[in-house]
Amino acid sequence: MSERPSSNRRGLRGDSVDLNPLFARPGESAEVPLFSLPDDEMLPETAYQIVHDEAMLDGNARLNLATFVGTWMEPEANRLYAETVDKNMIDKDEYPQTAAIEERCWRMLAELWHEPDPAHAIGTSTIGSSEACMLAGLAFKRRWQQARRAAGKSTEKPNLVMSSAVQVCWEKFCNYFEVEARYVPVTNEHRVLDGHRLEDYVDENTIGVVAIMGVTYTGAYEPVAQIAAALDAIEASTGLDVRIHVDGASGGMIAPFLQPELEWDFRLPRVSSINTSAHKYGLVYPGLGWVLWRTAAELPEELVFRVSYLGGDMPTFALNFSRPGAQVLLQYYTFLRLGRAGYTAVQSATRDVAMYLSGEIAKMGPFELWSDGSDIPVFAWALRPDPERKWDLDDLSDRLRAHGWLVPAYPMPADLDTVTVQRIVVRNGLGRNLARDLLADIRKAVDYLDSLDAPPPAPVAKAGFHH
Ligand SMILES: *Cc1c(COP(=O)(O)O)cnc(C)c1O
């Protein structure tokens, strides 16, 4: 959250934007208050110039190797976006074609994720994976409550079992919807949730288990089939039938193309629902996500709303009401434009760059890889221990920032939180040439840091990295 000004009175230094005299029109104020609504109007060109100039101060998205989110689309997609920005996804009666296209998109995903019974599948678009995960979690919780009530048992204290390396959206889900978060710690021997000792975490109050396809910290896949097998064993010994939600925020749009043989999706009967972020490797601008359930029966009907204020009574399951519809059309555009062959080509090229980068970084003395980018095109590395070294990965991150690169360093989650890693997310648009420039800058930064006789001054922003 940004800091609030202590005062929003006019005239204080730092709480207004000056207008370049070149753009100021006669009669217009040359100063614009930052934190109070201006008293008067201004010309559209002036307002445009102010917002345009301020937005320019944001980072260069191309050099941001921290984010998973798409920052580039083709000119045709941009044209489509401009033509459709006004569409409201909730207004399915006004925009029935957009609603029909939304359904085509999730049905395509159902096929991609090996939905066994397409006629009974159900899915929806969302604002991103976070909303998608909330919906999947809510379906789990409600199904568990229904089953408990039917059995005459208590519905107090539901819990959700997942790795300590889950993305923050799962912590939010548990916090907002009052579900106990049971984190299975990651360790050196079990770097991802792999089913090891799962029986210690699962009990009759477990609403589900989350498996991550593409752990945010490292890019590694969790072995969903192995987790499912552990749950099969638990069911055999205790009778508890616990289902899996796969958080495929990034991997949901990578695995079908790069690891088609890997069984992580609806091919595993225990997988109840899957989400992905269209704005990550789905190659669409933010914000769009998808969530699908194996069958409509797994999504309790009582969570679905039918409202008639906008005409019609299309069923919806969502946290938001109004939200942009244009991204759905952009997703349909990319599905048509790329098809299976195109997605495979784009994702392969991205993975090749990730593996080239991780290979070169592994050859540099101080680093050891934590992952290599062969699952999703994301990898992380740590520093090899060296008592002589006077710098750490935060210092390296800081040096790279001076060259414009955003390559975050952060501690791993519990129980590995004494290990700091640095991560690169390779996206479409980080090509070989840019990768070579990055490697040159990393080498330069390492040489510089190695040449210091004393530790460099602490980086300004050591405030922690938000995934
Ligand atoms: C990015 C991410 C999310 C959250 O996705 P948004 O689309 O940004 O809301 C959830 N889970 C994982 C594993 C992620 O990588």
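Among the residues of segment 55-68, write down those that are touching a strand residue (DSSP E or B) at 6+ places or on another chain (Cβ under 7 Å) and open to solvent by 50 Å² or more (accessible area, probe 1.4 Å).
Of everything in segment 55-68, just one residue is touching a strand residue (DSSP E or B) at 6+ places or on another chain (Cβ under 7 Å) and open to solvent by 50 Å² or more (accessible area, probe 1.4 Å), namely G59.
State whether the residues of segment 99-119 include one that is open to solvent by less than 20 Å² (accessible area, probe 1.4 Å), part of a helix (DSSP H, G or I) and in contact with a Cys (Cβ under 6 Å, 6 or more places away or on another chain).
Checking segment 99-119: not a single residue is open to solvent by less than 20 Å² (accessible area, probe 1.4 Å), part of a helix (DSSP H, G or I) and in contact with a Cys (Cβ under 6 Å, 6 or more places away or on another chain).
Based on what the data block shows, is N320 polar (S, T, N, Q) and assigned to a loop (DSSP other than H, G, I, E, B)?
yes
Just give me the residues in segment 181-203 being open to solvent by less than 40 Å² (accessible area, probe 1.4 Å) and more than 25 Å from the chain's Cα centre (by Cα), in sequence order.
Answer for segment 181-203, where residues must be open to solvent by less than 40 Å² (accessible area, probe 1.4 Å) and more than 25 Å from the chain's Cα centre (by Cα): L198, V202.
Considering only residues of segment 218-243 that are crowded, with 22+ Cβ neighbours inside 10 Å and either modelled with pLDDT under 95 or β-branched (V, I, T) (or both), which is nearest to K280 (Cα to Cα)?
Among them, the one singled out is T218.
Identify, by number, the condition in (1) open to solvent by less than 80 Å² (accessible area, probe 1.4 Å); (2) closer than 18 Å to V353 by Cβ that D398 doesn't meet.
Among (1) open to solvent by less than 80 Å² (accessible area, probe 1.4 Å); (2) closer than 18 Å to V353 by Cβ, D398 violates only (2).
Within segment 120-144, how many residues are more than 16 Å from the ligand (Cβ to nearest atom) and not in a loop (DSSP other than H, G, I, E, B)?
So the count comes out to 7.
Kindly indicate whether any position in segment 343-361 is modelled with pLDDT of 95 or more, within 27 Å of M89 (Cα to Cα) and open to solvent by less than 40 Å² (accessible area, probe 1.4 Å).
Within segment 343-361 (the criterion being modelled with pLDDT of 95 or more, within 27 Å of M89 (Cα to Cα) and open to solvent by less than 40 Å² (accessible area, probe 1.4 Å)), the answer is yes, since at least one residue qualifies.
Give segment 69-98 a look and list any residue that's of a type in the set (S, T, N, Q) and open to solvent by less than 90 Å² (accessible area, probe 1.4 Å), or say none.
T71, N78, T84, N88, T98
Sort out which residues of segment 284-326 are surrounded by 14 or more Cβ atoms within 10 Å (Cβ to Cβ) and free of Cβ contacts under 8 Å to residues at least 60 places away in the same chain, and write them in order of number.
Of everything in segment 284-326, just one residue is surrounded by 14 or more Cβ atoms within 10 Å (Cβ to Cβ) and free of Cβ contacts under 8 Å to residues at least 60 places away in the same chain, namely V304.
Okay, residues lined up against (1) of a type outside the set (D, E, K, R); (2) touching a helix residue (DSSP H, G or I) at 6+ places or on another chain (Cβ under 9 Å); (3) more than 28 Å from I442 (Cα to Cα):
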residue: V328; (1), (2), (3): yes, yes, yes
residue: T334; (1), (2), (3): yes, yes, yes
residue: R337; (1), (2), (3): no, yes, yes
residue: T344; (1), (2), (3): yes, yes, yes
residue: Q347; (1), (2), (3): yes, yes, no
residue: R351; (1), (2), (3): no, yes, no
residue: M355; (1), (2), (3): yes, no, no
residue: E360; (1), (2), (3): no, yes, no
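Would you mind telling me which numbered condition in (1) assigned to a helix (DSSP H, G or I); (2) aliphatic (A, V, I, L, M); (3) not assigned by TED's automatic domain parsing to the domain that holds T124 A24 fails?
(1)
Between a first residue in segment 30-56 that is over 12 Å from D18 (Cα atoms) and a second residue that is among the polar types (S, T, N, Q), which pairs have beta carbons less than 6 Å apart while being 6 or more apart in sequence or on different chains?
F35/N8; S36/N8
Looking only at segment 258-289, count how many residues are over 18 Å from V378 (Cα atoms), within 10 Å of the ligand (Cβ to nearest atom) and either among the small types (G, A, S) or not in a strand (DSSP E or B) (or both).
Counting residues in segment 258-289 that are over 18 Å from V378 (Cα atoms), within 10 Å of the ligand (Cβ to nearest atom) and either among the small types (G, A, S) or not in a strand (DSSP E or B) (or both) gives 4.
At least 2 residues that are basic (K, R) and within 16 Å of the ligand (Cβ to nearest atom) in each: list the strands (runs of 3 or more DSSP E) lying fully within segment 147-257 that qualify.
In segment 147-257, there are no strands (runs of 3 or more DSSP E) which contain 2 or more residues that are basic (K, R) and within 16 Å of the ligand (Cβ to nearest atom).
Condition check: outside the structural domain of D417 (by TED's automatic domain parsing), over 30 Å from G70 (Cβ atoms), touching a helix residue (DSSP H, G or I) at 6+ places or on another chain (Cβ under 9 Å) and open to solvent by 10 Å² or more (accessible area, probe 1.4 Å). Does K153 satisfy that?
Spelling it out, K153 is indeed outside the structural domain of D417 (by TED's automatic domain parsing), over 30 Å from G70 (Cβ atoms), touching a helix residue (DSSP H, G or I) at 6+ places or on another chain (Cβ under 9 Å) and open to solvent by 10 Å² or more (accessible area, probe 1.4 Å).
The values are calculated or read from the model by the stated rules, or taken from the named source; none is laboratory data. Since the structure is predicted, the reported quantities are computational estimates derived from the model, not experimental observations. Cβ sites come from the backbone with ideal geometry, for glycine too, and all protein chains shown count toward neighbours. With ligands, DNA and RNA removed, areas are computed over all heavy atoms of the protein, side chains included. Shrake-Rupley method; radii C 1.70, N 1.55, O 1.52, S 1.80 Å.
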